[in-house]
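*Asks:* So that we are looking at the same thing, I have put the structure below in structure tokens.
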Amino acid sequence: MPFTAYVRTAIARVTIAGPSSKFIILALASLAGVMLASASHAAAPQPWQLNLQPPAGSIAEMATDLHNLLLVVITAISLFVLALLIYVGVRFRAARNPKASQTSHHTVIEILWTVIPVLILVGIAVPSFRLLYYTDRTADTDMVIKVSGNQWYWNYTYPDEGITFDSYMVDEADLQPGQTRLLSVDYPMVVPEGTRIKLLITGNDVMHSFFVPSLAVQIYAFIGRTNEAWIDVPVGTQTYYGQCNQICGTNHAYMPIEIKAVPKDEYAAWLETAKQEFAMDMPDATNSALKLASAN
Ligand SMILES: [Cu+2]
């Protein structure tokens, strides 16, 4: 159930309890709405942002729903523990209990504080494993991009198109209007909108990590090993920003990720020029090994 549906159900339940509690819940819900809305629109971090970036695609939506569910659970647990602490502090204070109780066992409570946490964990495990297995299934993707982490830039290879290019951050002095400091790159990874993309992620020197929050992808880029992930790029022209998320050296903070989702015809036009500009100059063996990896 999406988060908004949770809130709606909660309001409906509280309506029975009485008008004053309904007002409190409505006020809290609208506050949450304001907080969520302030972070919307761009798939990039915002100043004073609260909460996650707006989710893009099915994986990110599931991850956000799981996060929202866990937020409710963890808040309830924290409030419960706080209430217990306050109760114990007041009820069993030294002034009221000059002679301390010697109680050391209580079978019922011991069973409860074992069984209830287990039930909560099992309840969390179900949506958590559902999401894990969903992200693990990459069989029916539309295209493949190989991502290589380097000190300190990314390289994107489209094995089926025979193109490969490096992607460097735009220096502050060279920023054009509309570009974002520390996030814009010279050659973004261009993808067609509404596409499922398999990512083959590897590294060429040290460990990096390919992290795009709005698409809910964070995968290590290891040397000599290819990690697999997929992203579900939604319909709509949008630029998704991310960064290397594994401390990889001096310029770790300066190797951002920019993924530009464009309409299909715009992508085809980009591909035409890219094929001339970024034609892959690779031995056939490397190329066919890549194609083999992308076919599996
Ligand atoms: Cu890095």
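*Asks:* Determine whether A268 is more than 10 Å from the ligand (Cβ to nearest atom) and modelled with pLDDT under 95. Full working, then the answer.
*Replies:* Values: more than 10 Å from the ligand (Cβ to nearest atom): yes; modelled with pLDDT under 95: no.
It is false that A268 is more than 10 Å from the ligand (Cβ to nearest atom) and modelled with pLDDT under 95.
*Asks:* Moving on to the next point. How about the stretch 172-185: which of its residues are out of contact with any helix residue (DSSP H, G or I) (no Cβ under 9 Å at 6 or more places or on another chain) and in a loop (DSSP other than H, G, I, E, B)? Lay out the reasoning, then the answer.
*Replies:* Residues of the stretch 172-185 out of contact with any helix residue (DSSP H, G or I) (no Cβ under 9 Å at 6 or more places or on another chain): 172-180, 183-185.
Of everything in the stretch 172-185, those that are out of contact with any helix residue (DSSP H, G or I) (no Cβ under 9 Å at 6 or more places or on another chain) and in a loop (DSSP other than H, G, I, E, B) turn out to be L175, Q176, P177, G178, Q179, T180, L183, S184.
*Asks:* A further question on this structure: With the structure loaded, tell me whether V115 is surrounded by 14 or more Cβ atoms within 10 Å (Cβ to Cβ) and either outside the structural domain of A60 (by TED's automatic domain parsing) or away from the ligand (no atom under 14 Å from the Cβ) (or both) or whether it fails that test.
*Replies:* Numbers: surrounded by 14 or more Cβ atoms within 10 Å (Cβ to Cβ): no; either outside the structural domain of A60 (by TED's automatic domain parsing) or away from the ligand (no atom under 14 Å from the Cβ) (or both): yes.
Against the criterion (surrounded by 14 or more Cβ atoms within 10 Å (Cβ to Cβ) and either outside the structural domain of A60 (by TED's automatic domain parsing) or away from the ligand (no atom under 14 Å from the Cβ) (or both)), V115 does not qualify.
*Asks:* Of these, Y254, Y158, Y240, which one is modelled with pLDDT of 95 or more, more than 18 Å from the chain's Cα centre (by Cα) and closer than 24 Å to E272 by Cβ?
*Replies:* On the way: Y254 fails: closer than 24 Å to E272 by Cβ; Y240 fails: more than 18 Å from the chain's Cα centre (by Cα).
Answer to the check: Y158.
*Asks:* Here is a further query. Criterion first (touching a helix residue (DSSP H, G or I) at 6+ places or on another chain (Cβ under 8 Å) and crowded, with 16+ Cβ neighbours inside 10 Å) does P188 satisfy it?
*Replies:* Details: touching a helix residue (DSSP H, G or I) at 6+ places or on another chain (Cβ under 8 Å): no; crowded, with 16+ Cβ neighbours inside 10 Å: yes.
No: the conditions fail for P188.
The values are calculated or read from the model by the stated rules, or taken from the named source; none is laboratory data. Note that the structure is a prediction, hence the values are computed from the model and not measured. A quick note on method: Cβ atoms are made from the backbone with ideal geometry, for glycine too, and the neighbour counts reach across all protein chains shown.
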